[in-house]
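Here is the structure we will look at, set down as structure tokens.
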Amino acid sequence: MSAGLVTDEVTMGRLYRIRRTVMQMLRDRGYLVVEHELATTRRDFLRKFGESFHREDLLINKYKKNDPSDQVSLSSAQFSTRSCPNTPPPPGQLHPLLPAALDRIRQAVLVLQQNLTPFAKSFLIELEPKIHLEVFQEAELLINIKEHVLVPEHQVLTNEEKKTLLERYTLKETQLPRIQITDPIARYYGLRRGQVVKIIRPSETAGRYVTYRYVV
């Protein structure tokens with residue numbers, strides 16, 4: 001059986017759930033995900049990809065809603081069986097973990113079965129000036145953490161909204177409560193250091209309770 005080939009029903013069902021979470025995550029980050037992609041059933045998934053397929057066939061490319069002409073905002077999700085080899089690719093060849101359209105992509109999400117090797121981690125760090133890469137394990141995306149009953153609503157502020165907030169309360173961004181960039185919900189939204197997220201919780205007295213967190 002070739003590497004990455006999926007034929008058993010359990011794995012197919014697992015990849016269907018992961019792909020659904022990825023679609024929801026990209027939508028919540030502001031990417032253009034159409035309704036039928038979010039409503040795809042397991043049967044639709046198998047009909048599209050067949051009874052057997054390669055993880056590498058599950059590539060997703062999306063543009064931001066507010067600027068479809070800006071390719072810098074393109075996000076790609078690649079499902080791979082490889083944790084990354086311990087040697088660099090031959091000269092002139094892309095690393096096997098990366099999307100083929102690296103020259104057109106500035107942001108990518110890699111969904112892997114295994115942990116990255118030390119070499120792979122250092123390789124991705126070296127690429128950071130060219131492309132922002134996020135790495136998720138498949139197990140992290142089997143369910144959408146945003147839909148958990150204990151997770152409040154999160155809204156990522158734009159730079160202008162952040163500026164307005166700080167001016168309104170005469171604050172420096174570092175005076176805000178913090179959220180770690182490694183926090184699961186921060187990773188879900190793809191937050192970057194320096195961003196501010198608005199958190200809305202239900203309140204029995206006021207209807208809702210709003211706080212803000214600064215990403216560190």
- request: From the list GLU161, GLU147, GLU173, pick out the single residue that is among the acidic types (Asp, Glu), surrounded by fewer than 12 Cβ atoms within 10 Å (Cβ to Cβ) and closer than 28 Å to HIS132 by Cα.
  value: GLU147
- request: Test each condition in (1) hydroxyl-bearing (Ser, Thr, Tyr); (2) modelled with pLDDT under 80; (3) not assigned by TED's automatic domain parsing to the domain that holds ARG27 for THR158 and report the one that comes out false.
  value: (2)
- prompt: Could you say which residue among LEU150, LEU171 is free of Cβ contacts under 8 Å to residues at least 60 places away in the same chain, over 22 Å from the mean Cα position of the chain (by Cα) and assigned to a loop (DSSP other than H, G, I, E, B)?
  reply: LEU171
field: Test result for GLY207, in contact with a strand residue (DSSP E or B) (Cβ under 8 Å, 6 or more places away or on another chain), at pLDDT below 95, at positive phi and not assigned by TED's automatic domain parsing to the domain that holds ARG17
entry: no
statement: Across the stretch 126-138, the tally of residues that are modelled with pLDDT of 80 or more and either in a helix (DSSP H, G or I) or farther than 21 Å from LEU191 by Cβ (or both) stands at 1
- prompt: What is the number of the single condition among (1) more than 9 Å from VAL215 (Cα to Cα); (2) part of a loop (DSSP other than H, G, I, E, B) that LEU166 does not meet?
  reply: (2)
statement: Taking the stretch 176-197 and keeping residues surrounded by 15 or more Cβ atoms within 10 Å (Cβ to Cβ) and part of a helix (DSSP H, G or I) leaves ILE185, ALA186, ARG187, TYR188
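The values are calculated or read from the model by the stated rules, or taken from the named source; none is laboratory data. What you see is a predicted model, and the numbers here were worked out from it, not measured in a lab. Methodologically, a virtual Cβ is constructed for each residue, glycine included, from the backbone with ideal geometry; neighbour enumeration extends over all protein chains shown.
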